[in-house]
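Trainee: Could you have a look at this structure, given as structure tokens, before my questions?
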Ligand code: ADP
């Protein structure tokens, strides 16, 4: 691993821009989906990129060796290593790519005096309990919530839970370990499942947030903070209901079909939440539920959209989200912040059953659907596929572009219908395994009543939040 030799060919591209080269540290997890998009953008811009990551593995090919090896489980130590390298050759900016690198990015940038989010703000975004507390203090809508640990007695905790409720580990991503429970029996099952998952992870995570289920459709906002001012880059609708018991993401479509008034409320809520967390600079990705009382924040992450979903975003003529983010970080000219005119969408393919992926059928047929621009399967044949709530990999992505969000959504659904997967469950013979459509796994916990209303922040509720 080196401290960052330049990537061949970048300088020339940079000269074409007529700007002084900038040196950017991109922090990303080794298992990130985002490396290719960021490295393509960096090459195109001609910036000097060094990648900080937890394993040399697959990333070092893309970076041509310009990589810093970090222990992401030890943010302070990793930040020190970054600071030492920067002392020899400074970085102009640090860009955070993944949840796993958020805190390291803020620590290193703060110590180097770069414009960045504070370490406290980064920590809040990575802790679902601290995040709820910050929203509560700021007077934003939030569900009733409590924090418990894996050592708690689930029977006792179930008596205090606001049903229907959601249980989730404080620091996971991509809906991993997020489970809805409608009654005490489901609560205990969910609790035990999360506790077993955290124990199997072996990372010492022990805390779980229990909060009221927030009813209503979900949206995601992609934004860029510039020294505290939010620019909205895209607002995605999620047209499939996400009612649990697990919360596998499927379709994202932009522009939003919600009314102007609702969209303004969403933006205002995200601005207030970002301020409540103390976020100031760089990309953010926010998820919200539109409850009957108004938008409720699920999370605001200090990074851009995950998976391969950024393929759905294009700015101006052909600027990618990653190019926009790198231009912003490097203080280069940003020709536009406006997304293209077209409607666009991505579908994350849910994992229909656990096992080993043997065959993918119908990819050509899916690609033949009008408006569909891509279909990528991201789990290699022969590799295990693990559904939520334990899984942490996407099966694949489908992309479509069109005139309206309606036709984009219809194209994604049609492509999805044409794709089938043969996944061999443990103990099953290859030829016994059915070919299945990538719909979320059959519901394991029975579903019941609709959601309870969310409440406004009141100091007395702080007492109930341990
Ligand atoms: P992660 O950071 O792992 O994605 P989130 O807290 O954002 O975890 O939750 C993931 C998904 O679970 C959300 O997008 C949403 O669909 C669902 N979810 C989480 N909390 C709630 C809640 N209180 N009410 C309703 N749905 C929820």
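Trainee: Can you name every one of the strands (runs of 3 or more DSSP E) wholly within region 141-191 that holds 2 or more residues which are within 20 Å of the chain's Cα centre (by Cα) and near the ligand (Cβ under 8 Å from one of its atoms)?
Mentor: 165-169
Trainee: I'm trying to understand the selection: among the residues of region 314-353, which are assigned to a loop (DSSP other than H, G, I, E, B) and within 30 Å of residue 91 (Cα to Cα)? Give the steps one after another, and end with the answer.
Mentor: Of the residues in region 314-353, the ones assigned to a loop (DSSP other than H, G, I, E, B) are 316-318, 331-338, 340-342, 349-353.
Of everything in region 314-353, those that are assigned to a loop (DSSP other than H, G, I, E, B) and within 30 Å of residue 91 (Cα to Cα) turn out to be 316, 317, 318, 331, 332, 333, 334, 335, 336, 337, 338.
Trainee: Here's another thing I want to ask about it. For region 354-390, enumerate the residues that are surrounded by fewer than 18 Cβ atoms within 10 Å (Cβ to Cβ) and in a loop (DSSP other than H, G, I, E, B).
Mentor: 354, 368, 370, 378, 380, 381, 382, 383, 386, 390
Trainee: Any chance you could count how many residues in region 312-349 are surrounded by fewer than 21 Cβ atoms within 10 Å (Cβ to Cβ) and under 30 Å from residue 418 (Cβ atoms)?
Mentor: Total satisfying the criteria: 6.
Trainee: Further question: Restricting the search to region 305-346, which residues are in contact with a helix residue (DSSP H, G or I) (Cβ under 6 Å, 6 or more places away or on another chain) and in contact (Cβ under 8 Å) with a residue 60 or more places away in the chain? Reasoning before the result, please.
Mentor: As a first pass, look at region 305-346 and keep what is in contact with a helix residue (DSSP H, G or I) (Cβ under 6 Å, 6 or more places away or on another chain): 310, 313, 315, 320-323, 326, 334, 343-346.
Those that are in contact with a helix residue (DSSP H, G or I) (Cβ under 6 Å, 6 or more places away or on another chain) and in contact (Cβ under 8 Å) with a residue 60 or more places away in the chain: 310, 313, 315, 320, 321, 322, 323, 326, 343, 344, 345, 346.
Trainee: Considering each of 194, 208 in turn, give the residue that is in a helix (DSSP H, G or I), more than 20 Å from residue 295 (Cα to Cα) and more than 11 Å from the ligand (Cβ to nearest atom).
Mentor: Step by step, each of 194, 208 is checked, and only 194 is in a helix (DSSP H, G or I), more than 20 Å from residue 295 (Cα to Cα) and more than 11 Å from the ligand (Cβ to nearest atom).
Trainee: Additional query: For the subset of region 106-120 comprising residues that are buried (at least 23 other Cβ atoms within 10 Å of the Cβ) and in contact with a helix residue (DSSP H, G or I) (Cβ under 7 Å, 6 or more places away or on another chain), which member is farthest from residue 50 (Cα to Cα)? Steps first, please.
Mentor: Start the filter on region 106-120 by keeping residues that are buried (at least 23 other Cβ atoms within 10 Å of the Cβ), which leaves 106-109, 116-117.
Remaining after also requiring in contact with a helix residue (DSSP H, G or I) (Cβ under 7 Å, 6 or more places away or on another chain): 106-108, 116-117.
On the way: 106: 16, 107: 17, 108: 14, 116: 18, 117: 20 Å.
Result: 117.
Trainee: Here's a check for you: in region 263-291, which residue that is away from the ligand (no atom under 16 Å from the Cβ) and part of a loop (DSSP other than H, G, I, E, B) is farthest from residue 140 (Cα to Cα)?
Mentor: Among those that are away from the ligand (no atom under 16 Å from the Cβ) and part of a loop (DSSP other than H, G, I, E, B), it is 281.
Trainee: Mind checking which residues of region 163-173 are touching a strand residue (DSSP E or B) at 6+ places or on another chain (Cβ under 9 Å) and either under 30 Å from residue 33 (Cβ atoms) or surrounded by fewer than 19 Cβ atoms within 10 Å (Cβ to Cβ) (or both)?
Mentor: As a first pass, look at region 163-173 and keep what is touching a strand residue (DSSP E or B) at 6+ places or on another chain (Cβ under 9 Å): 163-171, 173.
Those that are touching a strand residue (DSSP E or B) at 6+ places or on another chain (Cβ under 9 Å) and either under 30 Å from residue 33 (Cβ atoms) or surrounded by fewer than 19 Cβ atoms within 10 Å (Cβ to Cβ) (or both): 163, 166, 167, 168, 169, 170, 171, 173.
FYI, it's all coordinate maths here, none of it is from the lab. Quick caveat: nothing in here was measured; it's all calculated off a predicted structure. Please note: Cβ atoms are built from the backbone with ideal geometry, for glycine as well, and neighbour counts cover all protein chains shown.
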